[in-house]
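All remarks here apply to the structure that follows.
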């Protein structure tokens, strides 16, 4: 068992390749973290824009009255055929 551990300790066959792969993997992971952070900021910005758009909607619009005089001919509070006077 001690001989196997000594043999593994002295084996340098894949050292350069694994070092390069670790460097590439580190760069990829850092790039993914930065990219996801930017995507998160962009989504947050868009959701803020949507929230401001909903907040800017005029909620005071009255499309018509609920009185008994409303015959249903009015569309959006405007009579399509006004009465002649």
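Tabulated data for the structure shown
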| item | result |
| --- | --- |
| Additional length obtainable on full extension of the chain from residue 10 to residue 22, 0.36 nm per residue less Cα span | 2.3 nm |
| Cα-based shape type of segment 1-60, given that a ≥ b ≥ c are square roots of the gyration tensor eigenvalues and the cut on a/c is 1.5 | prolate |
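Each value in this text was obtained by applying a stated rule to the coordinates, not by laboratory testing. Remember, predicted model here, so these are calculated numbers, not experimental data.
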